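The values are calculated or read from the model by the stated rules, or taken from the named source; none is laboratory data. In this text the structure is predicted, and so the values were computed from the model without any measurement. Neighbour counts run over all protein chains shown; Cβ positions are idealised from the backbone, glycine included. Only protein heavy atoms, including side chains, enter the accessible area calculation; ligands, DNA and RNA are left aside. Shrake-Rupley method; radii C 1.70, N 1.55, O 1.52, S 1.80 Å.
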Amino acid sequence: MTIQIAVCGPRDCTEAEAAAARRVGELLAEQQVVVICGGGTGVMAAVAAGARARGGLVIGIRPNDSRDGASPDLSATIVTDMGEARNAIIVQSADAVISVGGSWGTLSELALALRRGGIPVVSLGGWRVTQADGTPVPGIHHTDTPEAAVDHALRLTPTAPSTAPKQH
């Protein structure tokens, strides 16, 4: 079965977040992973561009009632007209979630992934969520590089392909 990984992040991102998201998309596509994202601008557009640059498949789950504003690098667009509630669809469709950077929508996707349970949740330079006593909320793996984020997500996804280089 094909692995599907959601990549979440802000529509208004920094250049560094866009570069990281693009690299995550490239790495996922190289492993034949289907990328699921919100399908818009910022991190979503960057991950889509990275995946498509490597021949990957990218599914965008849009919050509005049309394809307007969708990234041109999407392979397919799903129009939901559900607003931010579409985040539940993104998370439920994924075998792992990688967040790049942070926004309120990204935080909701992390929360939904943690509530769902049973899938890897990776944060690349994003939210650090703590409990009331200041201890980190368990279940989010924090990384500093796209390579580490993808490696962690794939290692903990039960049916993931090997991340080892292919032998010819």
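Values computed for the structure shown
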item: Subset of region 1-39 [touching a Gly at 6+ places or on another chain (Cβ under 6 Å) and farther than 18 Å from V122 by Cβ]; result: R11, D12, G39
item: Residue match in region 116-126 (condition: of a type in the set (K, R) and buried (at least 22 other Cβ atoms within 10 Å of the Cβ)); result: no
item: Complete set of residues in region 7-29 that are open to solvent by 70 Å² or more (accessible area, probe 1.4 Å) and in contact with a Ser or Thr (Cβ under 7 Å, 6 or more places away or on another chain); result: R11
item: Within region 30-43, considering residues that are touching a Leu at 6+ places or on another chain (Cβ under 9 Å) and open to solvent by 10 Å² or more (accessible area, probe 1.4 Å), the one nearest to R86 (Cα to Cα); result: V34
item: Region 127-168, residues that are under 17 Å from V97 (Cβ atoms), modelled with pLDDT under 90, surrounded by 11 or more Cβ atoms within 10 Å (Cβ to Cβ) and β-branched (V, I, T); result: T157
item: Filtered residues of region 53-65 (kept if in contact with a strand residue (DSSP E or B) (Cβ under 6 Å, 6 or more places away or on another chain) and open to solvent by 30 Å² or more (accessible area, probe 1.4 Å)); result: L57, I59
item: Residue count for region 69-90, restricted to those that are of a type in the set (A, V, I, L, M), crowded, with 23+ Cβ neighbours inside 10 Å and within 24 Å of H152 (Cα to Cα); result: 1
item: Test: G50 is within 23 Å of S108 (Cβ to Cβ) and surrounded by 20 or more Cβ atoms within 10 Å (Cβ to Cβ); result: no
item: Complete set of residues in region 1-43 that are free of Cβ contacts under 8 Å to residues at least 60 places away in the same chain and assigned to a loop (DSSP other than H, G, I, E, B); result: T2, G39, G40, T41, G42
item: Index of the failed condition, A96 passing every other in (1) out of contact with any strand residue (DSSP E or B) (no Cβ under 9 Å at 6 or more places or on another chain); (2) surrounded by 15 or more Cβ atoms within 10 Å (Cβ to Cβ); result: (1)
item: Cβ-Cβ under 6 Å pairs, at least 6 apart or on other chains, region 73-97 side basic (K, R), far side open to solvent by less than 50 Å² (accessible area, probe 1.4 Å) and not in a strand (DSSP E or B); result: R86/P63; R86/T80
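Results for (1) aliphatic (A, V, I, L, M); (2) closer than 20 Å to L107 by Cα, shown as yes or no for each residue.
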{"position": "V7", "(1), (2)": "yes, yes"}
{"position": "C13", "(1), (2)": "no, yes"}
{"position": "A16", "(1), (2)": "yes, yes"}
{"position": "V24", "(1), (2)": "yes, yes"}
{"position": "L27", "(1), (2)": "yes, no"}
{"position": "Q31", "(1), (2)": "no, no"}
{"position": "G39", "(1), (2)": "no, yes"}
{"position": "G56", "(1), (2)": "no, no"}
